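Written out below as C-alpha cells is the structure these notes cover.
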Amino acid sequence: DLYPDQPISQLPWLSALWLVQGRAQATPAESAAERRQRHAWTGLREALTKADALYPADRVMVCHEELIDLVEQRRPDQGWCLDLHDVNDDLEPSLPARYDWVLATSPEDLALLRHPRRLLIANGASIGGACQPSSARPPRLLFVGNGRYPPNREGLRNFLAQAWPPIKAALPDAQLQVAGMDPATCRTICPDHGPDLVALGNCADLAALYRQCSLTINPLTEIRGSALKVAESLAAGRVCVSTESGARGFDERPAGLVRVATVSEMTDPILQLLVDDRRRWQLEQPDPALLRQWSWSTQAARLGTALDSPPGTAKGYESGIQPEAPLMYSAEVASGEGLGSTLRTDC
C-alpha cells in the first residue's frame, strides 16, 4: 500500500517486501504482554520463518517494542537487533536483554535503556543537492505525518484549533498541506476545514513538497523517539517550527529548527517567518557538518560497522556510552560492505 508505484527493482538494498495481514484488533483492557502477543501473532511468526528460509539472514532487525517476542524465532548463528522507535517508561529490562543490540532514536530514549550494547541511531534524511530558497507567496505550510500514528492526528488537531485560526486571520491566502493523511482522516480531525487544508495522502515524492513549501510544522506533544519529519525538513533547507517535544533528539539546536513550548505558541514565529523572507532564508541554510551527520548513507555505514561485529561484542561503539555523534539507521544498511544479509521486521 505504501509503495504502489515503486517496484522493488528501484530499491537495490531490498530483496523482498512481504505484507503480512490478519493481526487481531486491540481490546480495551489489553495488557502489555497481550499487546506483544497480538502483534507477534502466529501468521507473522510463520512468515518470518519462511522468509529466513528463503533469504537466510546473518542479522535480523525487529522494529518496535510490540514485536519484541519475535526473538523467540532466532537461530543460534544469528545476531538480532531491536530497533525501538520509542522507549516507554514501563519497558521491562529483561525484554530487550534477549537481543544482541538495541537501538534508540534520541538521547532521552537512550538514557532509559540499560542494555550493554545500546546504540543511538537518530532519524536522518537523504541529502540531495544545493537547497533553493523558499517562497512565501502564497504562504504554504507543510505537515508530514501518517494518520495511523495517534500523536500525528492529535498534533494536527491541536494546530488547527490553536495556531491555524490566527495565521489565517493574518494571511488569508495561507495554505496547509498534509502529507501522509488521506482526506477522510483529515475530515475526522477537522470536519469543518475548508480548501486551505489540503490532504495529499501517501506521497512518493516528498522532496518536491519540501521544495514547494514555505516552511514545515511539527506540532506533536508528549512523544518519545525523534521526528523523521524534522530531519527531512532541515536537510531539504526548510525551517521547521516545532514544539519542544517534537524537537527531541536534535540537541545540536540547528538554526532551522525553531522551538516553542506549546502548539499555540507556534503562531508568532510562523507569521514572522512568512513575512520576513530574509530571516527565513538565513535560517534555511543547513550547517554542512550537520548535513553529514544527518545523512543516511554516512551514518548507516557506522551502524553497519557495529552490526558487522560478532553478536555480544562492542565493535564500533563503547558499551553503554553515547557515541560522539548520533548514529543513524537506514534499511540501506542491508547492503553495507561486509555485513551480509539483513532481515527487517516491522509492524
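Read-outs: derived from the displayed coordinates by stated rules, not from any lab. This is a predicted model, so every value here is computed, not measured. Glycine also receives a Cβ, built like all others from the backbone with ideal geometry; neighbour counts cover every protein chain displayed.
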Inset, instruction - Could you please report the charge total around residue 164, scoring K, R as +1 and D, E as -1 over all other residues with beta-carbon less than 11 angstrom from its beta-carbon? - result: +1
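What is the gain in length, in nm to one decimal, between residue 157 and residue 202 on full extension, counting 0.36 nm per residue of separation less the C-alpha to C-alpha distance?
Working: separation 45, 0.36 × 45 = 16.20 nm, distance 1.89 nm.
14.3 nm is the gain from fully extending residue 157 to residue 202.
Given only helices, namely DSSP H runs of n ≥ 4 each adding -39500 (n - 2.57), what is the per-residue ellipticity at 222 nm of the chain, to the nearest 500 deg cm²/dmol?
Numbers: 12 runs with 103 residues, N = 347.
So the calculated ellipticity at 222 nm is -8000 deg cm²/dmol.
What order do you get for 176-189, 159-172, 23-36 when each peptide is scored by the mean count of other beta carbon atoms within 10 Å, highest first? Mind showing how you got there, number by number?
Values: 176-189: 18.6, 159-172: 17.1, 23-36: 10.8.
Output ranking for 176-189, 159-172, 23-36: 176-189, 159-172, 23-36.
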Inset, instruction - Grab the Cα-Cα distance for residue 262 and residue 50, subtract it from 0.36 nm times how many residues apart they are, and report the gain in nm with one decimal. - result: 71.6 nm
Inset, instruction - Provide the descending list of Cα extents for segment 140-286 along its principal axes, expressed in whole angstroms. - result: 36, 34, 30
Inset, instruction - Quick one: compute a quarter of the convex hull surface over the Cα atoms of the chain and quote it in nm². - result: 17.5
Inset, instruction - Could you work out the local net charge near residue 286, counting Lys and Arg as +1, Asp and Glu as -1, over the other residues with Cβ closer than 14 Å to its Cβ? - result: 0
Inset, instruction - Would you please calculate the Kirkwood hydrodynamic radius of segment 24-118 over all C-alpha pairs and express it in Å, rounded to one decimal? - result: 14.1
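May I ask you to derive the FRET efficiency for residue 170 and residue 35 from their Cβ-Cβ distance with R0 = 35 Å, giving the value to the nearest 0.05? Spell out each step's value before the answer.
Working: r = 44 Å, r/R0 = 1.27.
My answer for the efficiency is 0.20.
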Legend entry - Positive-end residue of 202, 274, 246, charge dipole of segment 140-286 with Cβ unit charges: 202
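Only bridges with both residues in segment 140-286 count here: give the DSSP antiparallel percent, nearest 5. Let's see the in-between values first.
Numbers: 0 of 18 bridges.
In segment 140-286, DSSP labels about 0 percent of beta bridges as antiparallel.
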Inset, instruction - Positive end of the charge dipole of the chain (Lys, Arg +1 and Asp, Glu -1 on Cβ, about the Cα centre): tell me which of 141, 110, 82 has its Cα farthest that way. - result: 141
Legend entry - Normalised contact order of the chain, rounded percent, pairs of Cα under 8 Å and 6 or more residues apart: 21
Inset, instruction - Would you mind telling me which residue in 237, 194, 124 has the biggest mean-square fluctuation in a Gaussian network model of the chain, where springs connect alpha carbons within a distance under 10 angstrom? - result: 194
Legend entry - Rounded to whole Hz, the Karplus (6.51, -1.76, 1.60) HN-Hα couplings of segment 62-79, x for glycine and proline: 10, 9, 5, 4, 4, 9, 3, 5, 5, 4, 5, 8, 5, 8, x, 8, 9, x
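Placing unit charges on C-beta atoms (Lys and Arg positive, Asp and Glu negative, everything else neutral), compute the dipole magnitude of segment 140-286 about its Cα centre in debye, rounded to 20. The partial results should precede the final answer.
Values: 16 positive and 16 negative charges, 31 e Å.
Charge dipole, segment 140-286, about its Cα centre: 140 debye, nearest 20.
So, with +1 on the Cβ of K and R and -1 on the Cβ of D and E, and no other charges, what is the size of the charge dipole of the chain about its Cα centre, to the nearest 20 debye?
Magnitude of the dipole: close to 360 debye.
Using only alpha carbon pairs under 8 Å that are at least six residues apart, calculate the relative contact order of segment 140-286 and give it in whole percent.
24
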Legend entry - Relative contact order (%) - segment 134-192, alpha-carbon pairs under 8 angstrom, separation at least six: 54
Legend entry - Karplus-derived HN-Hα couplings along segment 26-43 (A = 6.51, B = -1.76, C = 1.60, θ = phi - 60°), whole Hz, x at Gly and Pro: 5, 9, x, 9, 5, 7, 4, 5, 5, 5, 5, 5, 5, 6, 8, 6, 4, x
